[in-house]
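The values are calculated or read from the model by the stated rules, or taken from the named source; none is laboratory data. A quick note: this is a predicted structure, and the numbers were derived from the prediction, not measured. No Cβ is skipped: glycine too gets one built from the backbone with ideal geometry, and neighbour counts run over all protein chains shown.
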Amino acid sequence: MPTSPHTSARIYRVALAVPIFSLFDYLAPDDAPVCLGVRVEVPFGKGSKIGVLVAVAESSTVAEAKLRPIVRRVDEQPVLVAADMALLQWVSRYYHYPLGMVISTALPAGLRQGKAAVLPRARYYALTEAGRGFDALLLKRAPQQKKLVEQLQGQGGVISEAELALGGGTWRAVVKGLQDKGLLALADAPEVAVRAFSQQPGLACNADQQAAITAVTESFGQFRVFLLDGVTGSGKTEVYMQLIAVALARGLQVLVLVPEITLTPQLEERFRRRFSVNIALSHSKLTDTQRQTAWLQMQQGECAILLGTRSALFTPFKKLGLIILDEEHDTSFKQQEGLRFSARDVAVVRGQRVGVPVVLGSATPALESLYNAEAGRYRHLRLPKRAGEAVQPGLQLLDIRNQRLQEGLSEPLLAAIRVTVAKGEQVMIFLNRRGFAPTLICHSCAWVARCRRCEANLVIHRHEQRLRCHHCGSEQALPQKCPACKTGVLTALGLGTERVEQLLGGLFADKVVVRLDRDTTQRKGTLEQFLAQINSGQADIILGTQMLAKGHHFANVTLVAVLDVDSGLFSIDFHAAEKLAQLLVQVSGRAGRADKPGKVVMQTRRPDHPLLLALLHSGYHRFAQTALAERQEALLPPFSYQALLRAQAADADAPLQFLVAVAGLLAEAASPEVLVLGPVAAPMAKRAGLFRYQLLLQSTDRRLLHQALGRLVPQMEVLKSKQKVRWSLDVDPVDLY
Ligand code: ADP
Ligand code: ZN
Ligand code: ZN
C-alpha cells in the first residue's frame, strides 16, 4: 500500500462528519509520525468522534491553549490513500458538501464508527480430488449441494465463506453435507484474487462488438470515456465481460456499477459463470460487515471485480484497471439525499484521475452523454443490432380516445392479450403506479383522502385495506364511509397495479398473473423467485411498475403493453420527455427473440404527440436529437449548468424568507452570467409536514456557477434565517422536484 508522507508537525487537521465546511484542528500526540488518511478519535463537544486525518500543520487559527489533543489513532495504515482522498476532495468541492461528510458517505459504516480495518480471516473451501471427478447428477436430491459442486467444477476454483454467505440461507449445512460426503474440504486462500484468474471462453463476437472491444482494449492504461450505445440485447454485457477478461489477464481490478440492486444477481451470476476470480458485491441490502469486507477486499487486492450500486463507487482499489457503468442513463445513479452526487459523473472523474478507461453502456443514453459523444469528449461505440438472431420488437400506438376501457385496458388490447396467452406466450403489462388506485373520493361530497403531512393524495391499497402516502409513508385504515359527510359512497379513482391485477385475474381466471412492484417484492428473495417463475414459463401475464423496465429479459414475452403513456407526456420538469422516451424503449426491449418477435402496444389519447411520433418512426436517437435541439434553444442542460437550492421547514414562511435572503446575497455577489430563478414553492409544496421552497441557479459557464456557489455556501451558513430551515444544494439536479 502506498504510504503518505510522514510528518512530525504538531497540529492535526481532521475531517469530521459534521455539516460544517471546515476541518478541525487538534494537537498531535508526541509519538507522531502518522500518515495522512488514517482515522483518529478526537474529542468533540462533550464526547468524541471518529475522523480522518487529512493534513498536518504547524499552526492553527485556533488559539493554542484551546486546542485539544486527539484521543487515539485508530489505524496504523491509512484507510484512504492520497489518490482516494484527492477524489473525495474533488467531490467535496464540486458538490459543495463538507469533506468530513463526503468521507463519511464513502466509508462503510463499521469504519465510520471506528471498527478495526482488518479483514476477518477468510476461510476457503475447495473440492477434494473425489469432488472434482464427482458426477453432480447424483446429488439431485440435494439441489443446493449439487449447485455448489457444479459451480466449483465449472470454475475449478476455491470459494470463500464470504462468497458462500452471499448466496444466503443454509450454506453452512450445504458445506457440511459436502464435507461429510468427502467432496469438499477447507483449502488455502488463493494468493491474489486476480492471479487465480481463469475463465470460460466468451462468445464469438460480431463485428460491432469486436470493434468496441478493440477500441477500449487499446485504451487500457489511459483515461478515455466510451459510450457503448447498444440496443437491448445487442450484447453489451458480452462486451463488458470480454473487457473484464482483458483487465484480469493484466492483473487489474474492475469496477462495475449498476443502477439498482435488483440487477446485481443476474450480472453476478453471469460473471461467476465466466470468471473464476473473487467477486465482491457492494449495495445497500448487504450487512455493514459484508460491505466493509468488500471494501477491504478491493483495497487489499483480494477481490478482482467489484459489482455494486452507486455507493460502491468510492471503494478504494489496489489496482483499478477499468470502470464500467451499465444503464448509464438511469437516474438512480444520482443520489437524491445527503451527498447528491452523480455516480456516473464521478466515475468519469475517477477514471481520469486514475488514468483508466471508463465504459458507459446503455440502450438509451442520457442526452448529456450523447452530447458529450457528439462533441468528441466521449468515444461513441454503437451496437445497432441485437446479438444472435433476435429482432427488435415493433412499436405501435393504440389510440384509446372514445374506447371503452376496463380498468384502463382497451378492447383491442384485451383482444391482443387473449390471442397471445392462447398461443402459450407471455404478456407483459406496464403501469408505473403501485397500489389499487391513487385517489379515494366521496361520490356525494367530493371529499378526497389527502395526506395530512404532504400535499398529496393517499393511495388505496385495497389488499391490505389501507390508505398510504407514497411520499412520507404515513398510513391509515381504509375508511368504509365518507369521513366528511358520513353518508356518501367512497369511490376509487384512477389506476394502480393492484387494480389491474384484479381485473386480469377475473378475465383470465385459468392463467397465472404475476404482479411485480415494490409491494410484492419487499421480502428478500421474492423478486428472484418471481423472475425464476417467469423464466420457467409458469406465468402468463406479468404486470408491474418500472421495476420491469430494468435489465430483465424475458424471451417468451411477445406482447408488451404500456397502459398509460400520457401521464409521462405532461410534466413541468424538462427531464420528463427524456425519461419517458427511455422508459418506453427500455420496456419494449424486454421482449421477444428470433423465432418469436415481440410487439409493443402503447395506449394513448395523444397519438399525434410529436415525441411519441419521433420515437415511433425514427427511434430513440432521432428523438434525442430533437430533444437536444430543444434544450439548446432553451439553453437548458447540457447547454447550461444548474444547481438547485432547496429549503424546507415546519414553519410555512421560513423557507421562503431564507431563500429570499440567499437570492439577495447572489444579487450582490454573483456574476450576471449566473441566472437566479426563484425562489418558488417546490412542485410538491409540502412533504412529511415540511413546507418546501426552491431556488434554481443556472449558467452557461460552469466555472462561474461554481464560483458563485463557492462564495455563497459560507455566507449562507451565517444567515440568520438559516436557523429555522433545513437546506440542501443539488448540483446538476436530475429531478427538479
Ligand atoms: P445487452 O447487455 O446489450 O442487453 P447481452 O450481452 O445480455 O446484451 O446479450 C443478449 C443475448 O445475446 C444474450 O443471451 C447473449 O448471450 C447473446 N449474445 C451476446 N453476444 C452474442 C454473440 N456475439 N453471439 C451470439 N449471442 C450473443
Ligand atoms: Zn362525503
Ligand atoms: Zn405524506
Report task. Any chance you could count how many residues in the range 679-713 are touching a helix residue (DSSP H, G or I) at 6+ places or on another chain (Cβ under 7 Å) and within 24 Å of R631 (Cα to Cα)? Result -> 5
Query raised in the report: Within the range 347-361, is even one residue under 26 Å from L516 (Cβ atoms), modelled with pLDDT of 95 or more and either out of contact with any Pro (no Cβ under 8 Å at 6 or more places or on another chain) or part of a loop (DSSP other than H, G, I, E, B) (or both)?
Result: yes
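Report those helices (runs of 4 or more DSSP H) wholly inside the range 572-680 carrying at least 1 residues which are among the hydroxyl-bearing types (S, T, Y) and modelled with pLDDT under 95.
576-588, 610-634
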Report summary line: Counted residues in the range 420-468 being at positive phi and hydrophobic (A, V, I, L, M, F, W, C) come to 1
**Report entry** Test for R382: is it within 30 Å of H621 (Cβ to Cβ) and either within 16 Å of ligand 1 (Cβ to nearest atom) or buried (at least 16 other Cβ atoms within 10 Å of the Cβ) (or both)
**Finding:** yes
Query raised in the report: Within the range 129-150, can you find the residues that are in contact (Cβ under 8 Å) with a residue 12 or more places away in the chain, surrounded by fewer than 19 Cβ atoms within 10 Å (Cβ to Cβ) and under 27 Å from A280 (Cβ atoms)?
Result: R132, A136, Q144, E150
**Report entry** Pairs, first away from ligand 1 (no atom under 16 Å from the Cβ) in the range 484-499, second among the β-branched types (V, I, T), C-beta under 6 Å, six or more apart
**Finding:** T491/I441; A492/I460; L493/T439; L493/I441; G494/T439
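Quick grid of which residues meet (1) of a type in the set (D, E, K, R); (2) modelled with pLDDT under 80; (3) closer than 17 Å to Q297 by Cβ; (4) not in a helix (DSSP H, G or I):
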| position | (1), (2), (3), (4) |
| --- | --- |
| A165 | no, yes, yes, no |
| G177 | no, no, no, no |
| L186 | no, no, no, yes |
| P190 | no, yes, yes, yes |
**Report entry** Residue list for the range 642-655, filter: over 13 Å from K722 (Cβ atoms) and not charged (D, E, K, R)
**Finding:** Q642, A643, L644, A650, A652
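Please specify each residue of the range 480-491 satisfying the condition of being more than 10 Å from ligand 2 (Cβ to nearest atom) and either assigned to a loop (DSSP other than H, G, I, E, B) or among the acidic types (D, E) (or both).
Of everything in the range 480-491, just one residue is more than 10 Å from ligand 2 (Cβ to nearest atom) and either assigned to a loop (DSSP other than H, G, I, E, B) or among the acidic types (D, E) (or both), namely Q480.
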Report summary line: If we ask which residues in the range 717-737 are surrounded by fewer than 19 Cβ atoms within 10 Å (Cβ to Cβ) and farther than 24 Å from S332 by Cα, their number turns out to be 7
**Report entry** Pair list, Cβ < 8 Å and 6+ apart or interchain, from the range 264-293 residues that are under 18 Å from V246 (Cβ atoms) and β-branched (V, I, T) to residues that are within 16 Å of ligand 1 (Cβ to nearest atom) and in a helix (DSSP H, G or I)
**Finding:** I279/E268; I279/F271; I279/R272
Query raised in the report: List pairs: first in the range 353-381 and under 17 Å from L255 (Cα atoms), second away from ligand 1 (no atom under 13 Å from the Cβ) and of a type in the set (K, R), Cβ under 6 Å, 6+ apart or cross-chain?
Result: P357/R224
Query raised in the report: Is there a residue in the range 111-123 that is surrounded by fewer than 19 Cβ atoms within 10 Å (Cβ to Cβ), under 21 Å from V349 (Cβ atoms) and polar (S, T, N, Q)?
Result: no
Report task. Scan R382, R377 and give me the residue that is more than 16 Å from ligand 3 (Cβ to nearest atom), assigned to a loop (DSSP other than H, G, I, E, B), of a type outside the set (A, V, I, L, M) and under 29 Å from the mean Cα position of the chain (by Cα). Result -> R377
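Rundown of residues vs (1) away from ligand 1 (no atom under 16 Å from the Cβ); (2) closer than 17 Å to A165 by Cβ; (3) buried (at least 24 other Cβ atoms within 10 Å of the Cβ), yes/no style:
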residue: E238; (1), (2), (3): no, no, no
residue: G251; (1), (2), (3): yes, no, no
residue: L255; (1), (2), (3): yes, no, yes
residue: P259; (1), (2), (3): no, no, no
residue: P265; (1), (2), (3): no, yes, no
residue: F275; (1), (2), (3): no, no, no
residue: S282; (1), (2), (3): yes, yes, yes
residue: L286; (1), (2), (3): yes, yes, no
Query raised in the report: Residue check: is S640 surrounded by 17 or more Cβ atoms within 10 Å (Cβ to Cβ), within 26 Å of the chain's Cα centre (by Cα) and under 30 Å from L227 (Cα atoms)?
Result: yes
Query raised in the report: Among the helices (runs of 4 or more DSSP H) confined wholly to the range 6-117, which include 2 or more residues that are touching a Pro at 6+ places or on another chain (Cβ under 8 Å)?
Result: 82-95
Query raised in the report: Across the range 456-494, which residue is nearest to ligand 3 (Cβ to nearest atom) among those that are among the charged types (D, E, K, R) and out of contact with any Ser or Thr (no Cβ under 9 Å at 6 or more places or on another chain)?
Result: E475
Requested in this report: Give the range 447-472 a look and list any residue that's surrounded by fewer than 20 Cβ atoms within 10 Å (Cβ to Cβ), more than 15 Å from ligand 2 (Cβ to nearest atom) and within 17 Å of A685 (Cα to Cα), or say none.
Outcome: R452, R453, E455, A456, H470, H471, C472
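Can you tell me how many residues within the range 428-455 are over 30 Å from K599 (Cβ atoms) and more than 16 Å from ligand 3 (Cβ to nearest atom)?
Applying the first criterion (over 30 Å from K599 (Cβ atoms)) to the range 428-455 yields 439-455.
Checking the rest, the ones that are also more than 16 Å from ligand 3 (Cβ to nearest atom) come to 441-447.
Residues in the range 428-455 being over 30 Å from K599 (Cβ atoms) and more than 16 Å from ligand 3 (Cβ to nearest atom): 7 in total.
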Query raised in the report: If you go through the range 96-109 one residue at a time, do you hit one that is free of Cβ contacts under 8 Å to residues at least 60 places away in the same chain, more than 20 Å from Q300 (Cβ to Cβ) and touching a Lys or Arg at 6+ places or on another chain (Cβ under 9 Å)?
Result: no
Report task. Could you name every one of the helices (runs of 4 or more DSSP H) located completely within the range 194-296 that has at least 2 residues being of a type outside the set (S, T, Y), modelled with pLDDT of 90 or more and over 25 Å from F314 (Cβ atoms)? Result -> 207-218, 236-249
**Report entry** Output for the range 433-446, where each listed residue is surrounded by fewer than 16 Cβ atoms within 10 Å (Cβ to Cβ) and away from ligand 2 (no atom under 16 Å from the Cβ)
**Finding:** none
